[in-house]
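S.K.: Got a structure for you, written out below as structure tokens; questions coming shortly.
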Amino acid sequence: MNLICESQVVTDYLTMTAEVNYDHPLIAGLASELAASSKDQVDFIRQSYIYVRDHIAHSWDIQSSRITCSASETLVYKEGICYAKANLLCAILRRAGIPSGFCYQRLTIGDTPDTGYCIHALNAVYIQKTNSWIRLDARGNKPGIQAEFSLNGEKLAFKIRKEYDEAEYVTIFKSPNMKTIETLKNNTDCINMYLHGLPDQL
């Protein structure tokens, strides 16, 4: 996958925003804990990814009606859909000075096109050691979904099925897509939002 940076200014991928609020004490504390147990920067990225993937529940998987949005809110409640989890992983990495951004896929909501489509969020992170960006999907694993940290080929949660009109967006965005953020802010029930309220294109 040939990823394209939205901005060539690396500091744009370190910016703090309302959603990527890495000044929050809980995020600062978590980043410090992860750094203390990491062997090097790559290990810190790996541990941060695994933390968000495994310790923050995907709201649909636990059938929760709660909607989280900002990185800190997602960490407080330890749940969120992919949009919120991507905000959190980005915040942890940026707190440590590691450039990171947002990537998207267009997927079917269920297994087939008749279930409709949705935009799925994941992250891209800059690996200084290899001078390259890689994508990581912290959605959360479950039977049929097995995403992993990998420097040698992507191991994402979802493979694009072009025959189903699914799509890959190759841009690494510096900020979360506003459609995804507005969706989180304008809904009150996560299950209903997941089934009927997610954007189907950027």
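S.K.: Just checking, does region 19-27 include any residue being in a helix (DSSP H, G or I) and either among the hydrophobic types (A, V, I, L, M, F, W, C) or open to solvent by less than 40 Å² (accessible area, probe 1.4 Å) (or both)?
M.R.: Yes; the residues of region 19-27 include at least one that is in a helix (DSSP H, G or I) and either among the hydrophobic types (A, V, I, L, M, F, W, C) or open to solvent by less than 40 Å² (accessible area, probe 1.4 Å) (or both).
S.K.: Are any residues in region 114-140 open to solvent by 50 Å² or more (accessible area, probe 1.4 Å), of a type outside the set (Val, Ile, Thr) and at negative phi, and if so, which ones? Before the answer, list the steps.
M.R.: Of all residues in region 114-140, those open to solvent by 50 Å² or more (accessible area, probe 1.4 Å) come to 114-115, 126, 128-131, 133.
Pick out the ones that are also of a type outside the set (Val, Ile, Thr) and you get 114, 126, 128-129, 131, 133.
Correct list: Asp114, Tyr126, Gln128, Lys129, Trp133.
S.K.: From the list Ala147, Ala157, pick out the single residue that is in contact with a Leu (Cβ under 6 Å, 6 or more places away or on another chain), open to solvent by less than 30 Å² (accessible area, probe 1.4 Å), at pLDDT 95 or above and aliphatic (A, V, I, L, M). Can you show your working first?
M.R.: Numbers: Ala157 fails: in contact with a Leu (Cβ under 6 Å, 6 or more places away or on another chain).
Matching residue, one of Ala147, Ala157: Ala147.
Matching residues to (1) among the β-branched types (Val, Ile, Thr); (2) modelled with pLDDT of 95 or more; (3) part of a loop (DSSP other than H, G, I, E, B); (4) open to solvent by 40 Å² or more (accessible area, probe 1.4 Å):
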| position | (1), (2), (3), (4) |
| --- | --- |
| Asn2 | no, no, yes, yes |
| Ser7 | no, yes, yes, no |
| Leu30 | no, yes, no, no |
| Asp43 | no, yes, no, no |
| Val52 | yes, yes, no, no |
| Asp61 | no, yes, yes, yes |
| Ile67 | yes, yes, yes, no |
| Thr74 | yes, yes, no, no |
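Every residue, every condition in (1) modelled with pLDDT of 95 or more; (2) closer than 22 Å to Thr74 by Cα; (3) out of contact with any Phe, Trp or Tyr (no Cβ under 8 Å at 6 or more places or on another chain), yes or no:
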site	(1), (2), (3)
Tyr117	yes, no, yes
Tyr164	yes, no, yes
Ala167	yes, no, yes
Val170	yes, no, yes
Thr188	yes, yes, yes
Asp200	yes, no, no
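The values are calculated or read from the model by the stated rules, or taken from the named source; none is laboratory data. These figures come from a predicted structure and were not determined experimentally. Heads up, the Cβs are rebuilt from the backbone with ideal geometry, glycines too, and the neighbour counts pull from every protein chain shown. Just so you know, the surface numbers come from the protein's heavy atoms only, side chains and all, with ligands and any DNA or RNA stripped out. Shrake-Rupley method; radii C 1.70, N 1.55, O 1.52, S 1.80 Å.
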